[in-house]
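Before any comments, here is the structure.
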Amino acid sequence: MEIEKHDLIHELPEHRETIRRLKMNNLRFARLFDEYHEVEHEVHRIETGTEITSDEYLDERKRQRLHLKDELYSMINKD
C-alpha cells in the first residue's frame, strides 16, 4: 500500500501561484509553510515505517498537520 503525501502544493494545486507569492512576501506564511512540511515529512516517515512511534504520537502529529493546513488555507483565501 502506497502512503499518500500531503505536501501543500499537491493538496492545493489550484493555489500554486498564491502559495509561491505568500512564501516570498509573508514571513508568517513562510514559517507556517515550513512547519507544515516538517510535520508532513515526519508523519510520512512514521507511516512508511522509517520511524517508530506510538499511535497517540502519530495522531497528535496528524492533528498538528491539519491545524497548520487550516491556518495556511485561511491565509491563502484572504490573499
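Results, tabulated for the structure shown:
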| quantity | calculated |
| --- | --- |
| Cα long-axis angle, helix 55-78 against the chain (0 to 90 degrees, to the nearest 10) | 10 degrees |
| Förster-model FRET efficiency, 25 Å R0, Glu60 and His37, C-beta, rounded to 0.05 | 0.90 |
| Options (1) 58, 20, 15; (2) 38, 22, 16; (3) 39, 30, 19 - which one matches Cα extents along the principal axes in Å as calculated here | (2) |
| Qualifying GluC sites (Glu not before Pro) for the range 43-79 [loop in DSSP, other Cβ within 10 Å: at most 14] | Glu51 |
| Helix 16-25 axis, angle to the chain major axis (alpha carbon atoms, nearest 10°) | 80 degrees |
| Qualifying trypsin sites (Lys or Arg not before Pro) for the range 1-63 [loop in DSSP, other Cβ within 10 Å: at most 10] | none |
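Laboratory data are not the source of any read-out in this text; all were calculated from the coordinates shown. Since we're looking at a predicted model, the values are computed, not measured. Counting neighbours? That spans all protein chains shown, and the Cβs are built from the backbone with ideal geometry, glycine included.
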